[in-house]
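One structure is given below, encoded as structure tokens.
The values are calculated or read from the model by the stated rules, or taken from the named source; none is laboratory data. Computed from a predicted model, the values in this text were never measured in an experiment. Here the Cβ is made from the backbone with ideal geometry for all residues, glycine too, and neighbour counts use every protein chain on show. Heads up: the accessible areas ignore ligands, DNA and RNA and are worked out on the full protein's heavy atoms, side chains in. Shrake-Rupley method; radii C 1.70, N 1.55, O 1.52, S 1.80 Å.
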Amino acid sequence: MKELDIDMAWFKRELKGIITTTEEKKEAPDGIWNKCPNCKKPLHYSEQVENQYVCHYCGYHLRIGSKEYFAVLFDNNEFTELFTDLTSGDPLHFEDTKKYTDRLKETQTKTGLKDAIRAGAGKIDGQDLVIACMDFNFIGGSMGSVVGEKIARSIDYCIANKVPFLMISKSGGARMMEAAFSLMQMAKTSAKLALLSQAKIPYISLLTDPTTGGVTASYAMLGDINIAEPGALIGFAGPRVIKETIKKDLPKGFQTAEFVQEHGFLDFIVDRREMKEKLASFIKMMAN
Ligand SMILES: [Zn+2]
């Protein structure tokens, strides 16, 4: 009988352990480990940082945001963030499952971002550079009026200060909730890029996984040099839509960076671990 009590005590103690709240569990910092989505091997957070967020087993390029790209590319992660006060309006009073204004507010709180793009001015290997980088976790990296406006202002800044411009795209396309206001950004950014080109200031476009829709159809493909990360999905419409339209099977690897390069739409595919060095040398080359 006594023995059983002891057993019960242990049993109860274990039970107690099971009801640890989620809050308590989070004592270990978030994201210490996560699995590579491609080879499923565990990746330690510090290893990810060291390897520029590329899986060191299989070379898969993890999806990262502006914070990580700035840290990977800017010297000592030093930069001045530009145009931080821009936020989206709701010109159409759009509502789907929730109001667009509520969706914006929620996403801002969840991500700590104002919209799907950030711009920063800093140095890469000692040379001045402005980087505008999209964030996919902000409503699918969708291109709305803030994205277009920040790109336009970044280009103005580059022209005024004679600084090269790097655009890092990662987007599902135009932002549905801003409808025609989104589509207008394609024309606006394209026109600004023409001015940059007239001013003979280099523009490098870096396409990352995924770059689709109106973004592919405008600024992402207009670089003096167009680069992509390996394995990135790049396309206009999704594969299923195309298949249904042309009523034919699509070739293998369709819409990967490698396929797009083979067909002449990309100049280079660059591993993220060599990205900074390559970009710096392109900029040096174009400055001469
Ligand atoms: Zn892997």
Handout entry: Tabulated pairs, segment 59-82, first open to solvent by less than 40 Å² (accessible area, probe 1.4 Å) and within 16 Å of the ligand (Cβ to nearest atom), second at pLDDT below 95 and in a helix (DSSP H, G or I), C-beta under 7 angstrom, 6+ apart or interchain
Key = L62/Q48
Exercise for the section: Kindly provide the set of residues from segment 96-106 that are open to solvent by less than 50 Å² (accessible area, probe 1.4 Å) and in a loop (DSSP other than H, G, I, E, B), ordered by number. Expected result: none
Practice task
Within segment 123-152, track down each residue that is within 12 Å of the chain's Cα centre (by Cα), among the small types (G, A, S) and closer than 15 Å to G213 by Cβ.
Solution key: G140, G141, S142
Exercise for the section: Kindly list the number of the only condition in (1) open to solvent by 10 Å² or more (accessible area, probe 1.4 Å); (2) outside any helix (DSSP H, G or I); (3) out of contact with any Lys or Arg (no Cβ under 8 Å at 6 or more places or on another chain) that fails for I201. Expected result: (3)
Exercise for the section: Kindly indicate whether K114 is within 18 Å of the chain's Cα centre (by Cα) and of a type in the set (K, R). Expected result: yes
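The rows are residues; the columns are (1) modelled with pLDDT of 95 or more; (2) crowded, with 20+ Cβ neighbours inside 10 Å.
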| site | (1), (2) |
| --- | --- |
| L43 | no, yes |
| Y53 | yes, yes |
| F94 | no, no |
| Q108 | yes, no |
| R118 | yes, yes |
| G126 | yes, no |
| V146 | yes, yes |
| E149 | yes, no |
| I155 | yes, yes |
Practice task
Scan segment 83-122 for residues that are under 20 Å from S169 (Cβ atoms) and basic (K, R) and jot them down.
Solution key: K114, R118
Practice task
Could you grab me the full set of residues in segment 37-58 that are away from the ligand (no atom under 11 Å from the Cβ) and hydrophobic (A, V, I, L, M, F, W, C)?
Solution key: V49
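To keep it simple, each residue is scored yes or no on (1) touching a Lys or Arg at 6+ places or on another chain (Cβ under 6 Å); (2) part of a loop (DSSP other than H, G, I, E, B); (3) among the charged types (D, E, K, R); (4) under 22 Å from F282 (Cβ atoms).
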site	(1), (2), (3), (4)
N38	no, yes, no, no
V49	no, no, no, no
H56	no, yes, no, no
Y69	no, no, no, yes
T87	yes, yes, no, no
D90	no, yes, yes, no
Problem - Selected residue [modelled with pLDDT of 95 or more and not β-branched (V, I, T)] from L196, L183 - result: L196
Problem - Residue within segment 122-141 that is farther than 19 Å from M221 by Cβ, in contact with a Pro (Cβ under 7 Å, 6 or more places away or on another chain) and not in a helix (DSSP H, G or I) present - result: yes
Exercise for the section: Can you run down the residue pairs with Cβ atoms below 8 Å, 6 or more apart or on separate chains, where the first is in segment 276-288 and without any contact (Cβ under 8 Å) to a residue 60 or more places away in the chain and the partner is of a type outside the set (D, E)? Expected result: K278/I227; K278/F268; K278/V270
Completion exercise
The number of residues in segment 157-183 that are outside any strand (DSSP E or B) and in contact with an Asp or Glu (Cβ under 9 Å, 6 or more places away or on another chain) is 7
